Amino acid sequence: MQNLFAFHQAKEANYQLSLDQIASDFEPNLNSMEVQDKPALKKQRTEATKLFEKNFAQTQKVEGEEKIHTSVNQAFTLYQQREKKDFDYFRKNLVTDSEKIFHSYISILNLAIAFVEAAKADKKGIHTNLLNNPWLLALSANETLRKESLRLNKDWSNNFDQVRLWFRDIIKEDEEYLRYTDKKTLSAEEDKKFANHLFKRIILGKTAVNDFFEEEVLRWAEDKEIVKGMMEKTLKTFDGQTKSIRLQELSLNWEDDVDFISRLFETAAHLEPAHQELIANNTRNWEVERLALTDRVIVELAIAELITFPNIPVKVTINEYIELSKEYSTPKSRQFINGILDVISKELTAKGILKKSGRGLIDNK
């Protein structure tokens, strides 16, 4: 959704750049020895601009060899080149941005291990309970984590001074940690509870550590919740007998997920005119361009999912995009998105465009 939003903004910028290119074509040539007919140039610029705007929807080149037609056609070419470049960039970003979630997950696991190393180096306190925490020891011994850390270069060796400061200013001042470290004997449940606290409240809580990730990771506000879920699942895999822990994967089938997000983005980014008209016809006479961009993107993605993935039930798709509208759009958007998608899905079904098939999918429900 964010990449499609950014792509739409890029398209608007490219449109303005094309208009600017036309305007520059009809600027007086200050280096010319001939007298410049400014009123005529202004008239030509106005005519070329109108011609570009008139033919833009079809990105249809205009016939003729005169200066106006040449300028308009060059503006079309400029727009198309920039749009393709932006589309390729954002489509590629879909995958790389998603993969960065796993990078953050590995980085945070390593940060917990780095805190243990900071505790070992601290001469002003006794941190025996932290050093012997079975969950953290299991992470330190995890071979998969070691390999992924090397592959992604996500350890904290180059930023260990920062780790020391966080350990001193945050962990050593944390009330839960002070209670934990003062206990003479600990149950497995108490060790597990502190491991959870370390990740949820210290690393991913409202601390300077979280602020660090907000600055370093562009989409941390969204990624954080996914990382937190992965952390919770990781801690639950701890085996008390083998003292081992199992890392989580970002996806059970990454290739399928990459195919899904790529096809969804491509279809939504190049939604057919008929489907754009379907949006316009069901928004109480609003033009598509007048919709709030966030709502427009949500509707476009929902239509793309409805028509591209026959194995996803209609209700599932609609509910997912209602949730997106609740999270990212205005308070009234939920009802708007619900209403328009319900009507559009019925129209697509009536026209035979929406055909759902697969296990548990009967009569397009």
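No lab work stands behind these numbers, since they all come straight from the coordinates. Since we're looking at a predicted model, the values are computed, not measured. Neighbour counts are summed over all protein chains in view; Cβ atoms, including those assigned to glycine, are modelled from backbone coordinates with ideal geometry.
For Lys200 paired with Lys183, estimate the spin-label separation in nm (one decimal), with each label point 7 Å from Cα along the Cα-to-Cβ line.
Output for this residue pair reads 1.5 nm.
Binning at 10 angstrom from zero up to the longest distance, how are the C-alpha pair distances of the chain distributed in percent?
For the chain, the binned pair fractions read 4, 18, 21, 18, 17, 12, 7, 3, 1, 0 percent.
Using a Förster radius of 30 Å, what is the FRET efficiency between Arg168 and Glu222 based on their Cβ-Cβ separation? Nearest 0.05, please.
0.45
Which value in deg cm²/dmol, rounded to the nearest 500, describes the helix-derived mean residue ellipticity at 222 nm for the chain, given -39,500 (n - 2.57) per DSSP H run of n ≥ 4 and division by the residue count?
Taken over the chain, the calculation gives -22000 deg cm²/dmol.
Where a Cα-Cα gap under 17 Å defines reach, which lysines qualify for Lys147, not counting those fewer than 8 residues away within the same chain?
Lys100
Only Cα pairs within less than 10 Å get springs; with that Gaussian network setup on the chain, which residue of Ser329, Ser244, Ser24 has the largest fluctuation?
In this elastic network of the chain, the residue with the biggest mean-square fluctuation among Ser329, Ser244, Ser24 is Ser24.
Just add up the charged neighbours of Glu27: K/R +1, D/E -1, any other residue whose Cβ is under 11 Å from the Cβ of Glu27.
Value of the local net charge: +1.
In nm, what is the difference between 0.36 nm times the number of residues separating Glu327 and Thr128 and their Cα-Cα distance?
67.3 nm
How big is the C-alpha Rg of region 212-303 next to the rule-of-thumb value 2.2 N^0.38 Å, as a ratio?
The reported ratio for this selection is 1.65.
Each label point is 7 Å from the Cα along the Cα-to-Cβ direction; what then is the distance between the points at Asp257 and Lys85, in nm?
3.2 nm
When a/c reaches 1.5 or more, the comparison of a/b and b/c decides; with that in mind, is region 271-350 rounded, prolate or oblate per its Cα gyration tensor?
oblate
Between their Cα atoms, which of Lys172/Lys228; Lys123/Lys154; Lys124/Lys233; Lys206/Lys236; Lys11/Lys42; Lys11/Lys233 are more than 29 Å away from each other?
Lys124/Lys233; Lys11/Lys233
Have a look at Ile106, Ile22, Ile126 and tell me which one the Gaussian network model of the chain (Cα, springs below 10 Å) gives the largest fluctuation.
The residue that fluctuates most here is Ile126.
Arranged by the count of other C-beta atoms within 10 angstrom, fewest first, what order do Phe212, Phe7, Phe167 take?
Phe212, Phe7, Phe167
For Trp156, what is the net charge nearby, where nearby means another residue's Cβ is under 12 Å from its Cβ and Lys, Arg count +1, Asp, Glu -1?
Net local charge, Trp156 excluded: -1.
Around Glu190, what is the net charge, scoring Lys/Arg as +1 and Asp/Glu as -1 over all other residues with Cβ under 13 Å from its Cβ?
+1
Arrange Glu190, Glu148, Glu173 by Cβ neighbour counts within 10 Å, fewest through most, would you?
If I rank by nearby Cβ atoms, fewest first, I get Glu173, Glu190, Glu148.
Between Glu189, Glu12, Glu300, find the one with the highest GNM mean-square fluctuation for the chain; connect C-alpha pairs within less than 10 Å.
Most flexible of the set in this elastic network: Glu189.
Quick one: if the Förster radius is 25 Å, what FRET efficiency do Gln9 and Lys315 give, using the C-beta to C-beta distance and rounding to 0.05?
After rounding to 0.05, the efficiency reads 0.20.
Can you figure out the FRET efficiency of Phe212 with Ile353, using R₀ = 30 Å and their beta-carbon distance, to the nearest 0.05?
0.05
Express in nm, to one decimal, how much length is gained between Ser244 and Asn338 on full extension, taking 0.36 nm for each residue of separation and deducting their alpha carbon distance.
29.2 nm
How much length, in nm to one decimal, is gained on full extension between Asp161 and Asn93, taken as 0.36 nm per residue of separation minus their Cα-Cα distance?
Going from the current span to full extension adds 21.3 nm.
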